[in-house]
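The block underneath contains the structure these notes are about, expressed in structure tokens.
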Amino acid sequence: QVQLVESGGGLVQPGGSLRLSCAASGTIFSIYVMGWYRQAPGKQRELVAQLANTGHTNYVDSVKGRFTISRDNAKSTLYLQMNSLKPEDTAVYYCNIDQDGMNYWGKGTLVTVSS
């Protein structure tokens, strides 16, 4: 079993930056994909960025060049560095791990981009 806890959300102005963190606990096997998803009001949840155990990354087109997904294995933590934030980035951001056919989710952290 895996538990994921997000943190780092908040209110920022357009053009600002935030770093989200996802603390993972439990057993994480060698082969996995971790990612960040987001859900804006009235919208479906969408994949923002993902990072496989191989180091391969993938981003939705709307955040390419602005967001960076990374991990710190020593701290068992996944990060999402978000730069040049736009109002349309406003959403609840969720951490996810896909492992051996199972998905685990955190409860989310709210990011609001507004002046």
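The values are calculated or read from the model by the stated rules, or taken from the named source; none is laboratory data. Everything numeric here is computed off the predicted structure, so don't read it as measured data. Don't worry about glycine lacking a Cβ; one is built from the backbone with ideal geometry, like all the others, and counts go over all protein chains shown. For the accessible areas, the whole protein counts, side chains as well, though only heavy atoms, and no ligand, DNA or RNA atoms are used. Shrake-Rupley method; radii C 1.70, N 1.55, O 1.52, S 1.80 Å.
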How large, in percent, is the carbon and sulfur part of the accessible surface of the chain at a probe radius of 1.4 Å? 48
Can you give the accessible area per residue of region 7-115, in Å², using a 1.4 Å probe? 55
In a Gaussian network model over the chain where Cα atoms closer than 10 Å are linked, find which of Met102, Met82, Met34 has the largest mean-square fluctuation. Met102
So what does Arg71 come to for accessible area, using a 1.4 Å probe and Å² rounded to 10? 80
Which value results when the Cα radius of gyration for the chain is divided by 2.2 N^0.38 Å? 1.01
Please figure out what share of the DSSP beta bridges in the chain is antiparallel and state it in percent, rounded to the nearest 5. 95
Which residue, Lys86, Lys43, Lys64, has the most motion in a Gaussian network model of the chain that connects Cα atoms within less than 10 Å? Lys43
Taking Ser21, Ser115 and ranking on accessible area (1.4 Å, protein atoms only), highest first, one gets Ser115, Ser21
Please report how far the C-alpha centroid of region 13-53 lies from that of region 55-86, rounded to the nearest whole angstrom. 8
Taking every pair of alpha-carbon atoms in region 54-115, give the share separated by more than 16 Å as a whole percent. 57
Can you tell me the relative contact order of region 1-67? Whole percent, Cα pairs under 8 Å, sequence separation 6 or more. 22
Glu46 versus Ile28: modelled label distance in nm, points set 7 Å from Cα along the beta carbon direction: 2.6
Taking 8 Å as the Cα distance limit and 6 or more residues as the minimum spacing, I'd like the relative contact order of the chain as a percentage. 37
Accessible-area order for Tyr32, Tyr37, Tyr93, largest to smallest, probe 1.4 angstrom, reads Tyr37, Tyr32, Tyr93
